[in-house]
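Have a look at the structure below, then the notes.
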Amino acid sequence: MFPPIHFSSRRSQFRSRTKLIAIGCGFLFCFAGFAQGGSATWDLNPLSGDWNTATNWTPATVPNGSADIATFALSNTTAVSLSTNTEVNGIIFTSAATNPYAIIASPGFTLTLSGTGITNNSGTTQKFVTGVDGTGNFGEIVLRNSATAGDSTIFINNGSAANFVQGGETAFFNTSTAANGTFINKGGTTSGSEGGRTAFYDSSTAGNANFTNKAGRGVGTSATIFYETSTAANGFFTNEGGSITGGTFAEGGQTLFFDNSTAANGTFINNGATVSGGFGGATVFDDSSTAGNGIFINNGGAASGVAALGGGNTIFLKTSTAANGTFTNNAATASGAESGVTEFETAFSSNNASPSAGNGTFINNGATISGAVGGKTAFYEASTADAATLIANGGTNGGRGGAIFFEDQSTGGTARVEVFGNGFLDISGHSGPPASPLGPARVTVGSIEGDGNVFLGRNSLIVGSNNLSTTFSGVIQDGGANFGNAGSLTKIGTGTLDLTGTNTYTGDTKIQAGALQVDGSITSNTRVHESGTLAGSGTILGAVINNGVVRPGDGGPGTLTVNGNYTQTSDGALSIDIAGANSGQIGLLDVLGNAELRGQLDPVLENGFVPTIGESFSFLEYDSHLGVLSIHHPNIAGAMEHWVVTYEPREAILTATAGAFLPDSGSTLLLLTCGSLAVATFRRLRLS
């Protein structure tokens, strides 16, 4: 999927062109200021609205130099436009400027503020406008050095009226700031034109300003763009969804980040398209840019969109990162429309490109209208979820739930996944890396929790990389958007995953580390590895091979049922909790098939319980059995008793027997001999 970016391919051209214009004009402005410029105040009754006419100012000189201040007080002519490139140190609106001004950078001309910038003492909002014409000329306003856009100012950058030409622009360089201004970037007015834009270069900042990027006609999108190390600071950005048809499709407004720029603490609202075939408003991170601590709200569309971008969208490309941002993807507002979405993709980048969700929080809300799509977070190509929190909430009234997708070769890192209601995680479209050349693809996530759905397709979900202990009461199953069956589950990490729902995936379950607690049911065959533990009071519908630990119960006595065969290897252990002699106080492994027994049995007394001599406890039931278990600690602590196991045709029974357990005479002789040899060796070492 490819985002509707029409600025990115010409990024270097824009940057170089704007800087060259600003630098070149700077030399001309300095010369002009030396020749005829000076600070002046706009007249009460000027002869025209032309900034560059000296007789319109008092004294009769044109403010046009890097040291000049243009002052605006009370005037009967408040529409002031440029007729040549102009530079001033600053612009002051006095308390007398109660009639709001409109300072206009006419098409083809640039107004540069290179010192203090704008000071507004008028108590009213003052307007700055970049004009356009039908032949492709556009006006520019440039703030350089530490210039500020001031307070109660509004900048309107008009969209182009000519195809393949950008609209008006306000640009910030060096450490200049948008301060508390308001910036409206209008869309292009023809199907092939571009919209107005606000651009930040160097270390400039958006301050606390408000930005609205409006929809254009056709592809005529408007934008706010950040380059180099510029920052959105505490700005508020609204990117409108496509709303005007007039070409192949209707573009929405965009906020774009390139290089090492950052969204910092900005707030970004990306609205969905309101016309069929439209793109939603978008915030796009490219290169190594970062979402910082930004807040992003992607609203769903109200009409069928293009691909999955008809809703508001936030997109990460190349090596950009979501950092610590918070992202809310809202559902479509109409059946058939697209939801808000956050996407991670490399988009034809180099092989080492891997956009990251960082430590971000992604909330995908379900729809509230029947048939409508829920919000979505999707990972494509080589992107990674890293250490993010991914939440998919359920829909209501027949609406679909929020969604989390891992596709292509994306990775889940240590992400925390939470799915609720009919919200879901879907890895069925993942394509690598495979567990084997012909095996299923594998996706690792930190943890899963909630009561929603997980779709595996034919792939393997590996859970536990963040070492958290979580409970999942939903359904892990085959299928998904890309279909497939025989999906599998692997538990890793030190935490416990408690499955309390009815899980239907048909591939294997592997417990490589930590604990898988089954308090509901799983369909598959299950293998417990040396560092893993299978626990719970639920049902394993397949067979179990135990090379690690099987412990029926939930941290105390309980019954774990195995519908198939149970095989315990010489490395395996069966741990049985005993809290009393009554029903429900004894751990029980109930095997409906054959029990093949080797390895150890580990009885664990709970809550200070000590059995009396002769008390018996049925801990293992089976249809048939082969082999025996070796008791790990045969003596009962705190009592002169030991355990004895007897194997009946359908059950194995532990009995408390009088006296301490002693090894046989051969073992005793061996122990005494080893002890004597150790003492002799120690003495020889001391003598030497």
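The values are calculated or read from the model by the stated rules, or taken from the named source; none is laboratory data. Everything numeric in this text was worked out from a predicted model, so none of it was measured. Please note: Cβ atoms are built from the backbone with ideal geometry, for glycine as well, and neighbour counts cover all protein chains shown.
Limited to segment 158-175, what total is found for residues that are out of contact with any Gly (no Cβ under 7 Å at 6 or more places or on another chain) and in a loop (DSSP other than H, G, I, E, B)?
4
Surrounded by 16 or more Cβ atoms within 10 Å (Cβ to Cβ), in contact with an Asp or Glu (Cβ under 9 Å, 6 or more places away or on another chain) and over 24 Å from ALA660 (Cα atoms): is that true of LEU574 in this structure?
So LEU574 fails the test.
If a residue has to be surrounded by fewer than 24 Cβ atoms within 10 Å (Cβ to Cβ) and touching a Gly at 6+ places or on another chain (Cβ under 6 Å) to count, how many in segment 137-147 make the cut?
Result for segment 137-147: 1.
Got a sec? Which strands (runs of 3 or more DSSP E) wholly within segment 333-435 have at least 2 residues that are over 16 Å from GLY300 (Cβ atoms)?
Working: elements: 341-344, 361-364, 376-379, 389-392, 403-406, 416-419, 424-426.
Counting at least 2 such residues, we get 389-392, 403-406, 416-419, 424-426.
Residues are listed down the side, and each one gets a yes or a no for (1) farther than 20 Å from THR444 by Cα; (2) touching a residue at least 24 places away in the same chain (Cβ under 8 Å):
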site	(1), (2)
GLY501	yes, yes
ASP519	yes, yes
VAL528	no, yes
SER531	no, no
VAL549	yes, yes
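Taking the stated definitions as given, is PHE164 in contact (Cβ under 8 Å) with a residue 12 or more places away in the chain, surrounded by fewer than 20 Cβ atoms within 10 Å (Cβ to Cβ) and over 20 Å from ILE184 (Cβ atoms)? Explain how you work it out, then say what you get.
Values: in contact (Cβ under 8 Å) with a residue 12 or more places away in the chain: yes; surrounded by fewer than 20 Cβ atoms within 10 Å (Cβ to Cβ): yes; over 20 Å from ILE184 (Cβ atoms): yes.
Considered against the rule, which asks whether it is in contact (Cβ under 8 Å) with a residue 12 or more places away in the chain, surrounded by fewer than 20 Cβ atoms within 10 Å (Cβ to Cβ) and over 20 Å from ILE184 (Cβ atoms), PHE164 comes out as yes.
Going by the conditions given, is SER304 surrounded by fewer than 19 Cβ atoms within 10 Å (Cβ to Cβ), farther than 22 Å from THR262 by Cβ, free of Cβ contacts under 8 Å to residues at least 40 places away in the same chain and assigned by TED's automatic domain parsing to the domain that holds SER447? Even if it seems obvious, please write down each step before you answer.
Working: surrounded by fewer than 19 Cβ atoms within 10 Å (Cβ to Cβ): yes; farther than 22 Å from THR262 by Cβ: yes; free of Cβ contacts under 8 Å to residues at least 40 places away in the same chain: yes; assigned by TED's automatic domain parsing to the domain that holds SER447: no.
Answer is no for this residue.
Quick one: is ALA332 of a type outside the set (Ser, Thr, Tyr), surrounded by 23 or more Cβ atoms within 10 Å (Cβ to Cβ), within 22 Å of VAL275 (Cα to Cα) and touching a residue at least 24 places away in the same chain (Cβ under 8 Å)?
Numbers: of a type outside the set (Ser, Thr, Tyr): yes; surrounded by 23 or more Cβ atoms within 10 Å (Cβ to Cβ): yes; within 22 Å of VAL275 (Cα to Cα): yes; touching a residue at least 24 places away in the same chain (Cβ under 8 Å): yes.
For ALA332, the condition - of a type outside the set (Ser, Thr, Tyr), surrounded by 23 or more Cβ atoms within 10 Å (Cβ to Cβ), within 22 Å of VAL275 (Cα to Cα) and touching a residue at least 24 places away in the same chain (Cβ under 8 Å) - is met.
What pairs come up if the first residue lies in segment 283-297 and is over 9 Å from GLY266 (Cβ atoms) and not assigned by TED's automatic domain parsing to the domain that holds PHE327, the second is of a type in the set (Asp, Glu) and not in a strand (DSSP E or B), and their beta carbons are under 8 Å apart, counting only those six or more places apart or on different chains?
If the second residue must be of a type in the set (Asp, Glu) and not in a strand (DSSP E or B), the pairs left are ASP287/ASP259; SER288/ASP259; SER289/ASP259.
Looking for something in a loop (DSSP other than H, G, I, E, B) and more than 25 Å from GLY340 (Cβ to Cβ) - is there at least one such residue anywhere in segment 445-456?
Applying the first criterion (in a loop (DSSP other than H, G, I, E, B)) to segment 445-456 yields 446, 451-452, 456.
Right, trim to more than 25 Å from GLY340 (Cβ to Cβ) and you get 456.
Yes, segment 445-456 contains a residue that is in a loop (DSSP other than H, G, I, E, B) and more than 25 Å from GLY340 (Cβ to Cβ).
Can you find even one residue in segment 220-235 that is farther than 19 Å from SER289 by Cβ and surrounded by fewer than 24 Cβ atoms within 10 Å (Cβ to Cβ)?
Within segment 220-235, none of the residues are farther than 19 Å from SER289 by Cβ and surrounded by fewer than 24 Cβ atoms within 10 Å (Cβ to Cβ).
Matching residues to (1) buried (at least 20 other Cβ atoms within 10 Å of the Cβ); (2) hydroxyl-bearing (Ser, Thr, Tyr):
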site	(1), (2)
VAL475	no, no
LYS491	yes, no
THR494	no, yes
ASP498	yes, no
THR502	no, yes
TYR505	yes, yes
THR509	yes, yes
VAL518	yes, no
THR526	yes, yes
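Can you pull out the strands (runs of 3 or more DSSP E) entirely within segment 241-287 that have at least 1 residues that are at pLDDT below 90 and surrounded by fewer than 20 Cβ atoms within 10 Å (Cβ to Cβ)?
The strands (runs of 3 or more DSSP E) meeting that bar number zero.
If you scan segment 147-157, which residues turn out to be assigned to a loop (DSSP other than H, G, I, E, B) and hydroxyl-bearing (Ser, Thr, Tyr)?
SER152
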